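Trainee: This structure is in structure tokens; I'll ask about it shortly.
Coordinate-derived values only; no laboratory data. This structure is a prediction, so every number in the text was calculated from the model and none was measured. Don't worry about glycine lacking a Cβ; one is built from the backbone with ideal geometry, like all the others, and counts go over all protein chains shown.
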């Protein structure tokens, strides 16, 4: 009996000794895996807790969300100042988020992605007139010419209600000889071999002054800085090019390419689409 009790006690002590290391091992944290160590290290460097995915709304993503200098915005990517600087060098329009400043003209464009509003500011009268070295040999000008049509009026001009479009509403295509023009108008110039007369702030084609002369555009051209018609057109082409609307040659010809660029600019800026050089368009361009 005594021997049995001793053996029972030994077995109980052995069982207690085996159970203690197991309980101690269960309470200890498992050893980290090598992959987990690397994940934790990368996450700490990026400022995001380990195990949390980096989504598009996370602070880390938003902090590193940078756009290239050529990112398009505004009315279209042609109005992007960064785009214009890349193509035309130093341009007059500058981007600002401020409100209207005295002495400046502003127009506002919304990002096509629904982003913040961008305000492009033009200096009032900030465009400086220039003298361009234009081609004078009419044989090298490939733009199509306009044929004379007696009594022709400018289509759609009857709907342009602003008083600054009166010259366009009243225009009629008439034929007179050179003696008639000299007796009615004191200023006549020749552009690409074709005569123009000056009347009340506009240049007009002098149909009949030279029976063999032809024109690229039949209608008034708003006067600018006392320049002849071809120089006025060249300055408008230059101003449109700086704002990304005109991509042709600065040639002083009011042909289809130039008129299409004018029409796009007028449409984008809430003007009557005359496709012509008028006072409101030059004012919007900062030229008048």
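Trainee: If I histogram all Cα-Cα distances within the range 151-284 using bins 10 Å wide from 0, what percent of pairs lands in each bin?
Mentor: P(r) over the range 151-284, rounded to whole percents: 12, 44, 35, 9, 0.
Trainee: Stretch residue 174-residue 147 to full length: gain in nm at 0.36 nm per residue minus the Cα-Cα span?
Mentor: Here the answer is 8.5 nm.
Trainee: If packing is taken as the average count of other Cβ atoms within 10 Å, what order do 145-153, 209-217, 235-243 fall into, highest mean first?
Mentor: Numbers: 145-153: 12.9, 209-217: 16.7, 235-243: 22.9.
Going from most to least packed, we get 235-243, 209-217, 145-153.
Trainee: What's the ranking of 171-182, 257-268 by average number of surrounding C-beta atoms within 10 Å, highest first? All intermediate terms of the calculation are to be shown ahead of the outcome.
Mentor: Values: 171-182: 13.7, 257-268: 19.3.
Output ranking for 171-182, 257-268: 257-268, 171-182.
Trainee: Report the calculated FRET efficiency for residue 257 and residue 183 (r = Cβ-Cβ distance, R0 = 41 Å), to the nearest 0.05.
Mentor: E(calc), rounded to 0.05, equals 0.65.
Trainee: Can you sort 275, 163 from fewest to most other Cβ atoms within 10 Å of each residue's own Cβ?
Mentor: If I rank by nearby Cβ atoms, fewest first, I get 163, 275.
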